[in-house]
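Q: So that we are looking at the same thing, I have put the structure below in structure tokens.
The values are calculated or read from the model by the stated rules, or taken from the named source; none is laboratory data. Everything numeric in this text was worked out from a predicted model, so none of it was measured. Ideal geometry is used to build each Cβ from the backbone, glycine not excepted, and the neighbour counts take in all protein chains shown.
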Amino acid sequence: MKNKLVSEILSLKNEKDAVILAHSYQPPEIQDIADHVGDSLQLSRTAASTESEVIVFCGVKFMAETAHILSPDKTVLLPEPDAGCPLADCIEVPALLSMQELYPDALTVLYVNSPADVKAESYACCTSANALEVIENAPSDEIIFAPDRNLGTFVSRKSDKTIHIWNGACRSHAVADLPDMKCRMEEWPDAELLVHPETPPEAWELAHAVLGTGGMIKHVGESSAKRFIIGTEEGMVYRLRTLYPGREFIAGGNIYCYNMKMITLQKILDSLRKLEPVIELDPRIRERAYAAVARMTEITG
């Protein structure tokens, strides 16, 4: 059945001039069928650069929105429209505007894991990898950082600026199982523990390095270690095993995102057949959100 679905998807993908993008947290069978696997911003940039007219985005809603922001002339499909992100959902425009009124001299730096309409109200977007660089180069000594409090705290420890941090969190990372991480470290004493900055500060203290998904990939490639404990969503373990078959990886922290597992091969096939659900945004919101993403690119290159 799986082989038949894959065959049908590949055939239909060529027929519809489509490209399949998958986040590193997606299930193995989705990563295997994707043309490109990566983090959300990397995939959105890939969407903008591809010649394909149809983008099948296997991730969650804010990621597909970002692809649409960067590729307004392409058809962006999200095979499961209910695949949301609790972190992105924890911030809404009225609440951000209220915070901006409270700190009128602050510029808003918004984690890319956020809704498009909130991006439209920010000075610049950032990723977990470039958040510090964006904040340091923003022309203000006062910053509002949203929506992830753990990433905001991580960056604030490295900056002399006054940073007002939104009290939001990724439900999956924020409740990382620290005893499980310690257990894995006891099982593999020669391994490096890599954790995501969305995890709690207590996890950072255990880790050899605190990195986003792209940073983890780069770190493994440069490390002399042979074993790694991965403290982020468990789908990343499969991604790393695929990239580095000569190394050993195990998940640590029991970090699992239900929303990242909602897309299936059948849903991809159905989406390609119908060319829906399509991600669409109000052009005015898209243009303002694009400006925030573009400003990040201007700062970080």
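Q: Only residues that are closer than 19 Å to Ser156 by Cβ and of a type in the set (Ser, Thr, Tyr): list them for the stretch 89-115, please.
A: If the condition is that a residue be closer than 19 Å to Ser156 by Cβ and of a type in the set (Ser, Thr, Tyr), then Tyr103, Thr108, Tyr111, Ser114 are the ones that fit.
Q: Pairs please, first residue from the stretch 100-129 and in the same structural domain as Leu41 (by TED's automatic domain parsing) and touching a residue at least 60 places away in the same chain (Cβ under 8 Å), second anywhere and of a type in the set (Ser, Thr, Tyr) and part of a loop (DSSP other than H, G, I, E, B), Cβ atoms under 6 Å, 6+ apart in sequence or on different chains.
A: As it stands, the answer is none, since no pair meets every condition given.
Q: Can you give me the number of residues within the stretch 189-237 that are within 13 Å of the chain's Cα centre (by Cα) and in a loop (DSSP other than H, G, I, E, B)?
A: 7
Q: If we scan the stretch 215-232, do we find a residue that is in contact with an Asp or Glu (Cβ under 7 Å, 6 or more places away or on another chain), crowded, with 20+ Cβ neighbours inside 10 Å, of a type in the set (A, V, I, L, M, F, W, C) and under 12 Å from Ala176 (Cα atoms)?
A: The answer is no; no qualifying residue exists.
Q: Anything in the stretch 3-34 that is surrounded by fewer than 16 Cβ atoms within 10 Å (Cβ to Cβ), under 27 Å from the mean Cα position of the chain (by Cα), among the charged types (D, E, K, R) and more than 30 Å from His196 (Cα to Cα)? List them, or say none.
A: Across the stretch 3-34, the qualifying residue is only Asp17.
Q: Among the residues of the stretch 86-100, is any more than 24 Å from Ala129 (Cα to Cα), of a type in the set (S, T, N, Q) and surrounded by fewer than 22 Cβ atoms within 10 Å (Cβ to Cβ)?
A: Yes - at least one qualifying residue is present in the stretch 86-100.
Q: Another one. Of the conditions (1) touching a His at 6+ places or on another chain (Cβ under 7 Å); (2) closer than 21 Å to Ala129 by Cα, Val76 satisfies every one except a single condition; which number is it?
A: So the condition that Val76 fails would be (2).
Q: Is at least one residue of the stretch 263-278 under 19 Å from the mean Cα position of the chain (by Cα), buried (at least 16 other Cβ atoms within 10 Å of the Cβ), within 22 Å of Ile69 (Cβ to Cβ) and at pLDDT 95 or above?
A: Yes, the stretch 263-278 contains at least one residue that is under 19 Å from the mean Cα position of the chain (by Cα), buried (at least 16 other Cβ atoms within 10 Å of the Cβ), within 22 Å of Ile69 (Cβ to Cβ) and at pLDDT 95 or above.
Q: Moving on. Name the single residue, out of those in the stretch 121-166 being under 18 Å from the mean Cα position of the chain (by Cα) and aliphatic (A, V, I, L, M), that is farthest from Leu43 (Cα to Cα).
A: Within the stretch 121-166, the match that is farthest from Leu43 (Cα to Cα) is Val155.
Q: Could you tell me whether any residue of the stretch 83-93 is out of contact with any His (no Cβ under 6 Å at 6 or more places or on another chain), over 20 Å from Trp166 (Cα atoms) and not β-branched (Val, Ile, Thr)?
A: There is at least one residue in the stretch 83-93 that is out of contact with any His (no Cβ under 6 Å at 6 or more places or on another chain), over 20 Å from Trp166 (Cα atoms) and not β-branched (Val, Ile, Thr).
Q: Moving to a separate point now. Do we have Glu80 as more than 22 Å from Leu151 (Cα to Cα), among the acidic types (Asp, Glu) and surrounded by fewer than 22 Cβ atoms within 10 Å (Cβ to Cβ) here?
A: yes
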